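Input: a single structure, listed below in structure tokens.
Every read-out reported here was derived from the displayed coordinates using simple, explicitly stated rules and does not represent laboratory data. A quick note: this is a predicted structure, and the numbers were derived from the prediction, not measured. Quick reminder, even Gly has a Cβ in these numbers, built from the backbone with ideal geometry, and neighbours come from all protein chains shown.
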Amino acid sequence: MTAPQDPYSSPGEPGSGYPGGPPPRKPGPQIFSILAIVCGVLAILILPIIFGPVGAILAVVGRSRGETLWKVGLGAAIGGLVLGILLGSLVTASN
């Protein structure tokens, strides 16, 4: 027999009814993560110094909201920043 649930305990605490932590979040819209991916692609093409950090911030916000694509968004933002700067320097150096 299990102990009765304490109505004043939060999920994950002993006696709360959630073994190992709070219940998993329902999958919802991935808005911030998708915007981070879009910013990463835009950073490759135009203004990498602007769109790269904005995409990284959006990915972190997506992580705090429990979105599952936040890692992809962060990778796209950082990759877009690096590739955009490299492409910009190559284009500038060739002129």
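What nm value, rounded to one decimal, do you get for the distance between Ser89 and Val60 when each label is placed 7 Å out toward the C-beta? Going from the Ser89 label point to the Val60 one covers 2.4 nm. Computed packing ranks the peptides 33-43, 83-93, 69-79 as 33-43, 69-79, 83-93, most packed first, by mean other Cβ atoms within 10 Å.
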